[in-house]
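Reading through the structure tokens given below for one structure.
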Amino acid sequence: EGNKQVLMLESLHQGLRGRRKVKMPKNFRAIFDSLGESKDATARTVVWALAVKFGDPTVQSRMRKMVEKESLPLSERRQFLAALLNSRDAELPPILFRLLKSDLRSEALRGLSAYDDPSTAVMILKHYSDFKSGEKRDALSTLVSRKAYAHVLLKAIEAKQVSRKDLTADLISQLRNLRDPKLDARLKSVWGTVRKSTAEEQKLIAHYRRIIGSQRQAELRSLGRAVFAKTCQQC
């Protein structure tokens, strides 16, 4: 019976994905009181995530503390953080700044793109040199997401705090999509004029188009989805 209840709660949570706030069902408080301290990690995390989805301020406040509680399993803290990010918790940025020095660094870097906080760019760049390759990518994706962040990023590149080589073509495109003349001029000074694809690059594009149209399409679909989620979806 308990497993069925957890499966139903997980299905409910999945069904509400993408919706920030939902009115709490009348009987949910009793379910939370029953499972909120369960020894079953799956039951515990899903019921807490739903409580945040239903706008329970008490649970939201407790969850912020649990995200930073290193004695908890990392997977559980990761799910709690995802729930707070999905609800666009307004009090989350200071916690995300502290998480830049934790095992939840990548999640914090990506999450900061959702907040227009004047301290974000400075805090990210403060720790940038300590980040691994993938984490630097997450950091840069957030820094090119807003005009204010982008200006701070380009200033850091001018000061050689960040290597200009770290800016890949898709990140350059995101900077241009911000449509800020001052930003474009600054970008040109640190990066130069963006050139059209070379003949060799055009050959590669044609090659990959043939692969996409081949019988290997199904085999490559899952890999393509992962690349899209990591790179393209950031826009």
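The values are calculated or read from the model by the stated rules, or taken from the named source; none is laboratory data. Bear in mind that the values here come from a model prediction, so they are computed numbers and not experimental data. With ideal geometry, Cβ positions are generated from the backbone for all residues, glycine too; neighbour counts draw on all protein chains shown. Heavy atoms of the whole protein, side chains included, go into the accessibility calculation; ligands, DNA and RNA do not. Shrake-Rupley method; radii C 1.70, N 1.55, O 1.52, S 1.80 Å.
With all protein chains in place and a 1.4 Å probe, the accessible surface of the chain carries 52 percent carbon and sulfur. From its DSSP helices (H runs of at least four residues, each -39,500 (n - 2.57)), the chain gives a residue-normalised ellipticity at 222 nm of -19500 deg cm²/dmol.
Each of the GluC sites (Glu not before Pro) that DSSP puts in a loop and that has at most 16 other Cβ atoms within 10 Å breaks the chain; the longest unbroken stretch is 92-235. Each part reduced to its alpha carbon centroid, the stretch 162-191 and the stretch 83-121 end up 23 Å apart.
How large is the Kirkwood hydrodynamic radius of the stretch 42-139, in angstrom, based on all distinct alpha carbon pairs?
Working: mean 1/r = 0.0731 Å⁻¹.
By the Kirkwood definition, the hydrodynamic radius is 13.7 Å.
The Cα atoms of the stretch 1-93 give a gyration tensor whose axes a ≥ b ≥ c have a/c of 1.5 or more with a/b no greater than b/c, which makes the shape oblate.
Taking ALA30, ALA82, ALA148 as the candidate residues, the one with maximal mean-square fluctuation in a Gaussian network model of the chain, Cα springs under 10 Å, is ALA30.
Against the globular-protein guess of 2.2 N^0.38 Å, express the Cα radius of gyration of the chain as a ratio, rounded to two decimals. Each step should come with its number before you reach the end.
On the way: Rg = 21.4 Å, N = 235, 2.2 N^0.38 = 17.5 Å.
With N residues counted in the chain, Rg over 2.2 N^0.38 Å equals 1.22.
Accessible surface for the stretch 12-139, divided over its residues, is 52 Å² per residue with a 1.4 Å probe. Suppose a student asked you for the relative contact order of the chain, using Cα pairs under 8 Å spaced at least 6 residues apart; what percent would you report? Contact order relative to length: 11 percent.
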